[in-house]
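Worksheet: the structure to be examined is printed underneath.
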Amino acid sequence: MNLKISKEAAKWYKEELDIEDKAQLRFFVRYGGVGGKIPGFSLGLKLDKPQAIYASTEVDNITFFIEDADAWYFENSDLEVSLDDKRNEPIMEYV
């Protein structure tokens with residue numbers, strides 16, 4: 001599984017979460033929400049420390065990661081996060 005975050009999306013997270021230095025951001029599976037890969041589930045994001053990393057990438061001093069416990073959600077797909085310029089918000093695509 002590959003995790004890809006565009007520089008623009010990383011900058012957006014940095015500004016929205018008031019990150020000034022290094023940080024670790026975890027994508028996690030949550031029950032409910034919209035736009036998820038599996039109906040009834042969606043992705044959340046929170047500042048967290050890795051325990052058992054399934055996938056990760058670093059952009060602009062931010063380590064974005066997914067834990068082993070959430071690997072089932074990404075089965076047979078990668079996650080790419082970019083920035084929607086018109087809405088000024090991240091877009092998550094499963095490829």
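The charge dipole of the range 5-95, taken about its Cα centre with unit charges on the Cβ atoms of Lys, Arg (+1), Asp and Glu (-1) only, comes to about 200 debye. The figure for Val81 is an accessible area of roughly 0 square angstrom, using a 1.4 Å probe on the protein chains alone. Distant-in-sequence amide contacts of Thr63, defined by a placed amide H-H separation under 5 Å and a gap of 5 or more residues or a different chain, comprise Ala23, Gln24, Leu25.
Of the three principal axes defined by the Cα atoms of the chain, the extents in descending order read 33, 32, 21 Å.
Extension gain for Glu80 to Gln51 (0.36 nm times residue separation, less C-alpha to C-alpha distance): 8.2 nm.
Here Lys7 is the anchor, and the lysines within straight C-alpha reach of less than 21 Å, apart from those fewer than 8 places off in the same chain, are Lys22, Lys46, Lys86. The solvent-accessible area of Lys49, taken with every protein chain present and a 1.4 Å probe, is close to 140 Å².
What's the carbon and sulfur percent of the chain's accessible surface, probe 1.4 angstrom, rounded to a whole number? Of all accessible area on the chain, carbon and sulfur atoms account for 43 percent. Here the range 68-95 and the range 10-32 have alpha carbon centers that stand 13 Å from each other.
The values are calculated or read from the model by the stated rules, or taken from the named source; none is laboratory data. Every value quoted in this text rests on a predicted model; they were computed, and no experiment measured them. All Cβ positions, glycine included, derive from the backbone under ideal geometry; neighbour counts span all protein chains shown. Please note that ligands, DNA and RNA were not included when accessible areas were found on the heavy atoms of the full protein model with its side chains. Shrake-Rupley method; radii C 1.70, N 1.55, O 1.52, S 1.80 Å.
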